[in-house]
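> Questions regarding the structure given below will be posed in turn.
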Amino acid sequence: MEKREQIYEGKAKKVFASDDADIVIVSYKDDATALDGLKKGIITGKGAINNRMTNNLMRRLEAAGIPTHYVKELNDRETAVKKVTILPLEVIIRNISAGHFASRYGVEEGIVFDEPTIEFSYKNDDLHDPLLNDHHILALKLCTKEELELVKSYAFRINELLKGYMKDIGIDLVDFKLEFGKTPDGQIVLADEISPDTCRLWDSMTHDHLDKDRFRRDLGGAEEAYIEVITRLMEEK
Ligand code: UDP
C-alpha cells in the first residue's frame, strides 16, 4: 500500500489517498482539542494508542458481525480504511450520566441507566454540532429512514459488545461517540475511531477517568491514562 497526497486534515487525524482508489490511509495525531475546539494541546503518544485501540476494537466488532471501514494496520499511527462518505451525524450512546448529559439535564454524573440512551448531533463545526432527533435527520436528508434504523441498531449492538470488552479489562463504558460511513456500493459501515478521545472510560473499581476528560478538565495524567487503557486491552488479546 502506497501513501499518496493528503486529502483531509481533521482535529485528531489526517487522511491520505493511496494507490488504491477504494482505500484511504488514516494517520492519527497527538493533537487534542476540547470545548468545541477552543482548548488545544498535545497528549504525547495518543495518536499511536488511538490507532492501535481503534483497530483492535474494530477487528473484534467486525468478527462479531458489525461491518466496519477497517482494512489493515500499516504502522503505529497509520491504518488503511475503506474510502467512505461519512454520514454527517455523531451518534452518542450513554450507559451512565456524564458530560453534556449531566449538564444539559441538571443531574449528577455517575447515574447508571436502566437502558442505554442514544442521541445524534449534526457534524457541523460552524453550527457547533447541534442536537438532532430522527425527524430532523430525515427532514435534512442526512440519510434515509432505512439507513437511520440500521445506524441505530448497529450503535446499540456495538454498545453491548464494547461494554463487554471493557468490563473484561476492569473498565466501565460510560458513553461514546460513533460515526458511520457509506461505501460506494451503498453499504453502511462503522467508521472513524473508538478511543479514549471518543469514549468515557472509568476504572470499574476506583472510577478514575481513563479518557480525554483528563485533558478537558485539566486533571493531569492524560498520557498515563491512555497508556493504561491500551496496556489492559493488549494484555487481554
Ligand atoms: N464525543 C466525541 N466527540 C464530540 C462530542 C462528544 O467523541 O464531538 C464523545 C465524548 O468523548 C463522550 C461522548 O461522546 O465520550 C459524550 O459526550 P458529551 O455529549 O457528554 O460531550 P462532551 O462533554 O464530551 O463535550
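Computed from the coordinates by the stated procedures, all read-outs in this text should not be read as laboratory data. A quick note: this is a predicted structure, and the numbers were derived from the prediction, not measured. Neighbour counts are summed over all protein chains in view; Cβ atoms, including those assigned to glycine, are modelled from backbone coordinates with ideal geometry.
> Ranked by Cβ crowding within 10 angstrom, fewest neighbours first, how are Tyr226, Tyr8, Tyr105 ordered?
Numbers: Tyr226 27, Tyr8 11, Tyr105 8.
Placing the least packed residue first, the sequence is Tyr105, Tyr8, Tyr226.
> Okay, next question. For a label point 7 Å from the Cα of Glu109 along Cα→C-beta, name the residues of the stretch 144-185 whose backbone N is under 16 Å from it.
Residues 172-177 qualify, since their backbone N sits under 16 Å from the label point.
> Report the extension gain between Lys182 and Lys152 in nm, rounded to one decimal, defined as 0.36 nm multiplied by the number of residues separating them, less their alpha carbon distance. Kindly include the intermediate steps, with their values, before the conclusion.
Working: separation 30, 0.36 × 30 = 10.80 nm, distance 1.48 nm.
Contour length minus the Cα-Cα distance gives 9.3 nm.
> Now a separate question. Express the C-alpha Rg of the chain as a ratio against the empirical globular expectation 2.2 N^0.38 Å, rounded to two decimals. Write out the running numbers ahead of the final one.
Working: Rg = 17.1 Å, N = 237, 2.2 N^0.38 = 17.6 Å.
For the chain, the normalised Cα radius of gyration comes out at 0.97.
> Using a Förster distance of 22 Å, how high is the FRET efficiency between Lys40 and Asp76, based on the Cβ-Cβ distance and rounded to 0.05? Write out the running numbers ahead of the final one.
Working: r = 23 Å, r/R0 = 1.04.
In this case the efficiency is close to 0.45.
> Please work out the C-alpha center-to-center distance from the stretch 98-129 to the stretch 151-199 and express it in whole Å.
16
> In a shell of Cβ-Cβ distance under 15 Å around Val151, excluding Val151 itself, what net charge do Lys and Arg (+1) and Asp and Glu (-1) give? Could the numbers behind the result be given before it?
Numbers: positive: Lys123, Lys141, Lys145, Lys152, Arg157, Lys177, Lys182; negative: Glu90, Glu119, Asp134, Glu146, Glu147, Glu149, Glu179, Asp192.
Net of charged neighbours comes to -1.
> For Lys13, give me every one of the lysines with a C-alpha distance below 18 angstrom, ignoring sequence neighbours fewer than eight places off in its own chain.
Within reach: Lys3, Lys29, Lys39, Lys40, Lys46, Lys72, Lys82, Lys83, Lys123, Lys177, Lys212.
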